[in-house]
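Heads up: the structure comes next, in structure tokens.
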Amino acid sequence: TKKQKKKRLNNKVMDDQQEPTYPAAIKKLQRRNSKAFILEKLTMKDFIYWRAADGRPQIDLVYVTTQITVREALALMTEKNVLSVPVWDPVKLEFVVFLSLVDIFRFCMENNLSNTMNDMNFSDTLEVQLSEIVQQILNEDGAHVEVIAFKNRVSMVMEWFALGIHRVLVIQDKESCAQSPSGYIVSQSDILLYLYQHASESEPIVSKTLEEQGFFGQDTPTIGPHKLIQVTRTETALGALRHLYLDRANAVAIVDDEGKLLDELSITDLTNISETDGYTHLLLPVLDFLRTKTTQRSACCTCSRHFKLKEVIQILVENRSHRVWVVDQGGKLEGIITLTDIICKFAPFDYKLLHSKKI
């Protein structure tokens, strides 16, 4: 019954069926997609095997424990080049929350809100034990790790992603995970890659332009359901980051005096900042701060309102980006489209319509 299925999922009881070989899994995936709407009957097990067969290496799960400091967690995330990690509680013997660079940044900002720009001190904050920031995340957001079974359908994950959840944890079974933390991370980017490679199966959707998809209309001042956050080139990097904190966003557009898009500042730009001079660099004008980055940055992705959805998906996949800025013919910023916005168009319900004035 539905009640029993829900109970099994909540208890994270996994199917212990024998795993098929790669060829068998791929054949199973193709048969399902040929007879049903894209992703409708695909299971998480099939999706994991598709990802492996696509040539993407299955790396060991990167996670942290509540017993280390924020600094140690940040160092591991930088070393492994990941934006988020699940946090393991050795007492509860379970993953309790996903920790992202956004969470660390907000934690540091909240502990420095009473300070002036020149008095910002992140060093002491980074020495706090991770259990403290985890508790704050749980108290403020009620967040937790979304865990899904191998046998459950990807369409369930699509609903979570459409609501703004960025990643889920797929584990073999609860018992083995308790003995040795393990599993697979599936993110919005993984789903987008699948949609990109199977665009022909959702042609009626992906062939429509952003305007035709309802991203832009008379009732919406900007493209996309998001508040458009932008700063000028004279704003300091720290000032721009404060905008991200106050608006709970992941990126801010940098524009000139005419509103033309110049670049973007996102949470990922905080990686690889050394404490010796990195915090001083935050007081530079935002474009000057971005020039101090030692790692190569990709140019921010742009499109127009007349782009088809499949063209926007292609831009995001090829640039490994989480957002695309919408500009007019003169380069003036009009809006932003995120992975969540796109996934909404493929989920059972388009949750972004909840923000529309038409409902």
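Where a number appears in this text, it was derived from the coordinates with a stated rule and is not lab data. Keep in mind the model is a prediction, meaning the values are calculated, not measured. Ideal geometry is used to build each Cβ from the backbone, glycine not excepted, and the neighbour counts take in all protein chains shown.
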Cα-Cα over 30 Å, subset of Lys227/Lys308; Lys41/Lys332; Lys208/Lys332; Lys151/Lys227: Lys41/Lys332; Lys151/Lys227
R0 of 45 Å, Cβ-Cβ distance Thr302-Asp89: FRET efficiency to nearest 0.05: 0.60
